[in-house]
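The structure appears below as structure tokens.
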Amino acid sequence: MEIEHNIEKALERSGRAREDILLLAVTKTQSIEQMKEAMEEGFFHFGENRVQELMEKYEAFPEKIQWHLIGHLQTNKVKYIIDKVDMIQAVDSLRLAEEIEKRAVLANKKVDILIEINIAKESSKFGLLAEELENFLLTVSKMEHLCIKGLMTVAPFVENAEENRKYFQEMRELLVDMNGKKIHNVCMEELSMGMTNDYMVAIEEGATIVRVGTAIFGARAYQ
Ligand SMILES: *Cc1c(COP(=O)(O)O)cnc(C)c1O
């Protein structure tokens with residue numbers, strides 16, 4: 001697969017190993033049939049951005065599939081997916097973190113989360129500003145059913161992926177910086193950044209999860 005070849009090249013340039021990277025198959029709008037084919041090719045982590053769609057597809061797959069919610073999550077929908085998702089990637093408010101904690105207590109489980117950062121300060125995007133992160137971590141790290149695994153960002157849509165390199169670098173610096181604060185319960189390792197247009201640059205700059213849809217499945221057909 002071309003994408004695996006590209007990942008290998010990006011890893012070579014940055015001296016990292018393939019097992020350091022999760023290639024998350026973004027399956028939104030893709031049919032169950034297409035997803036089963038992807039599973040046969042070895043994809044076991046699926047990323048969906050809508051609760052409704054994730055719930056519709058969930059039952060069709062075996063236990064070993066891991067589900068990542070990668071889109072903005074409304075607090076009133078947490079209850080529907082709390083027992084289904086392996087990672088909630090886009091925690092973007094205290095209210096949402098509190099609701100996940102509450103539902104995780106009820107479900108008696110620990111939930112892996114990533115905190116979404118609006119690294120380019122785009123008004124159209126969700127996520128915390130980098131300067132809000134430390135205070136946020138001080139509060140959320142006290143929620144005992146949340147495991148803060150790292151940070152996530154949706155970088156700007158650009159023609160040339162190089163334009164996003166600086167944002168990926170800032171994300172990595174932010175992660176290192178926050179780990180250096182030695183906040184109790186905060187030791188973050190994951191950096192979810194990079195999509196079809198820019199996953200190679202993201203890997204070169206330290207991504208551990210790249211979220212790729214189009215380059216795996218082809219262009220999405222929206223109804
Ligand atoms: C759709 C989506 C992706 C994947 O986008 P592609 O450009 O198709 O790779 C990644 N992350 C999020 C949050 C998405 O909504």
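The values are calculated or read from the model by the stated rules, or taken from the named source; none is laboratory data. Not measured: the values here are computed from a predicted model. FYI the Cβ positions are ideal-geometry reconstructions off the backbone, even for glycines, and counts take in every protein chain you see. For accessibility, only protein heavy atoms count, side chains too; no ligands or nucleic acids. Shrake-Rupley method; radii C 1.70, N 1.55, O 1.52, S 1.80 Å.
A few notes on this one:
- Some residue of region 174-196 being within 15 Å of the ligand (Cβ to nearest atom) and surrounded by fewer than 19 Cβ atoms within 10 Å (Cβ to Cβ): yes
- So GLN30, is it more than 26 Å from ASN118 (Cβ to Cβ) and buried (at least 21 other Cβ atoms within 10 Å of the Cβ): yes
- Total residues in region 197-223, condition within 8 Å of the ligand (Cβ to nearest atom), open to solvent by less than 50 Å² (accessible area, probe 1.4 Å) and in a loop (DSSP other than H, G, I, E, B): 1
- Spans of helices (runs of 4 or more DSSP H) in region 1-105 with at least 1 residues of a type outside the set (D, E, K, R) and farther than 27 Å from ARG220 by Cβ: 2-14
- Condition met for VAL105 (free of Cβ contacts under 8 Å to residues at least 12 places away in the same chain, open to solvent by 30 Å² or more (accessible area, probe 1.4 Å) and of a type in the set (Val, Ile, Thr)): no
- Scanning region 148-166 for residues that are more than 13 Å from the ligand (Cβ to nearest atom) and within 17 Å of the chain's Cα centre (by Cα) gives ILE148, LYS149, GLY150, LEU151.
- Taken together, the criteria place MET35 among residues that are open to solvent by less than 50 Å² (accessible area, probe 1.4 Å), within 16 Å of the ligand (Cβ to nearest atom), modelled with pLDDT of 95 or more and not basic (Lys, Arg).
- Count of region 26-72 residues which are of a type in the set (Gly, Ala, Ser) and in contact with a helix residue (DSSP H, G or I) (Cβ under 6 Å, 6 or more places away or on another chain): 1
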